[in-house]
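Comments concern the structure below.
The values are calculated or read from the model by the stated rules, or taken from the named source; none is laboratory data. Note that the structure is predicted; figures quoted are calculated from it, not measured. Here the Cβ is made from the backbone with ideal geometry for all residues, glycine too, and neighbour counts use every protein chain on show. Keep in mind that these areas ignore ligands, DNA and RNA; they rest on the heavy atoms of the full protein, side chains included. Shrake-Rupley method; radii C 1.70, N 1.55, O 1.52, S 1.80 Å.
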Amino acid sequence: MTYARIAGTGSCLPEKILTNKDLEGMMETSDEWIRERTGIKRRHVAGDDETTSSLSLIAAQRALEMAGVKADELDLIIVGTCTPDKIIPATACIVQRQLGNKGAAAMDVNAACSGFLYGLDLANRYMQTGGARKALVIGAETLSRITNWDDRTTAVLFGDGAGAAVLEASDEPGIRATHIHSNGEFEDLLQTTGGVSLGFDASCDRDKYIKMQGNAVFKRAVATFDSMARETIADLEGHIDDIDWFIPHQANMRIITAAAKKLSMPMERVITTVDEHANTSAASIPLALDQAVREGRIKRGETLLMAAFGAGFTWGSAMLKF
Ligand code: COA
């Protein structure tokens, strides 16, 4: 049996930081409201010269360096993003060129906040069936570009960034289970109402930027985190005690706490970065993973459970030995 194992991780955050205090000067909100309702203190926001591909590139280079893998060895590159640089080509192809790789299959996956876990699932299946030996999976976003800064109900929630993982084929696990799902019924609860085919004028059409029915999304997210985590653990006939670290999508501290409680997972074993990064969609899990690895919290041989939930709705989970 061939497994995909994470050989290296990397991440990149834009230099510019927007604190809750900064937002107080931009809209009718308060640091206290944002902290209480979301746990967010600050977020990184891309500058004019930063893009989803430029953040991805740095995250990828750091992950390749940690893995000791050269870019031209990669045979699969997947970027999970809902904020690609361009409509065409795929951001994965832009990153591929900048890395100096030629010939790897390169594609974007839009599964909103579940994008990284969708990418991990795809790469894992490719590697298990011999379709790839070395893969790069990135989650990257510049959500600030589709944030309506006049809408306080969404503007305070999001941030920009990128995280990456280099996967290598191995005889030992590695990724032990992944699950991805979606249900398009809930399109109205979290969406942009403009787009390519529907028409989108990024310079003036703010009304078509991210819109969300926060309360309804909140309830669904909590219920889904619980059921998908259990699905993945049960798949391996395991138990929550087998998990050393839970890395949930970093949307909101209240969602994370509620999900951990339902899973009976103590918060000391939950990686949280939402306070510093806010919700970076597809980037949130690989950013949190890389931060915890580089801080020495997550160590080789430990078992990780990742779970994400996002627009679509999409959701996904992965259990792996790091
Ligand atoms: N600052 C101050 N007040 C705000 C505000 C802000 N940034 N945003 C909303 N409010 C106000 C509302 O207008 C409302 O006022 P009202 O009672 O006078 O009408 C009040 O705060 C409560 O709003 P409500 O939407 O009920 O708050 P909430 O407790 O549901 O929290 C969210 C709002 C967005 C934080 C919460 O619903 C949430 O986290 N949802 C999930 C979001 C998410 O993570 N989505 C991504 C999933 S991938």
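At-a-glance table
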item	result
Some residue of the stretch 246-255 being away from the ligand (no atom under 13 Å from the Cβ) and touching a residue at least 12 places away in the same chain (Cβ under 8 Å)	yes
Check on LEU190, within 11 Å of the ligand (Cβ to nearest atom) and touching a strand residue (DSSP E or B) at 6+ places or on another chain (Cβ under 7 Å)	yes
Matching residues in the stretch 161-178 - criterion: being part of a strand (DSSP E or B) and at positive phi	GLY161
Residues of the stretch 228-286 satisfying the condition of being within 23 Å of GLU141 (Cβ to Cβ) and among the acidic types (Asp, Glu)	ASP275, GLU276
Residue count for the stretch 219-245, restricted to those that are within 16 Å of the ligand (Cβ to nearest atom), open to solvent by less than 10 Å² (accessible area, probe 1.4 Å) and not aromatic (Phe, Trp, Tyr)	3
Selection status of THR51, more than 16 Å from TRP149 (Cβ to Cβ) and open to solvent by less than 40 Å² (accessible area, probe 1.4 Å)	no
Qualifying residues in the stretch 277-297 (those that are closer than 18 Å to PHE116 by Cβ and away from the ligand (no atom under 16 Å from the Cβ)) - the one most open to solvent (accessible area, probe 1.4 Å)	ARG294
Inter-residue pairs, beta-carbon under 6 Å, first outside the structural domain of GLN61 (by TED's automatic domain parsing) and in the stretch 83-106, second surrounded by fewer than 20 Cβ atoms within 10 Å (Cβ to Cβ), 6+ apart	none
Any hit, the stretch 32-41, residues being open to solvent by less than 60 Å² (accessible area, probe 1.4 Å), at pLDDT 95 or above, outside the structural domain of SER197 (by TED's automatic domain parsing) and away from the ligand (no atom under 14 Å from the Cβ)	no
Residue, surrounded by the fewest Cβ atoms within 10 Å (Cβ to Cβ), within the stretch 308-322, restricted to residues that are assigned to a strand (DSSP E or B) and near the ligand (Cβ under 10 Å from one of its atoms)	THR314
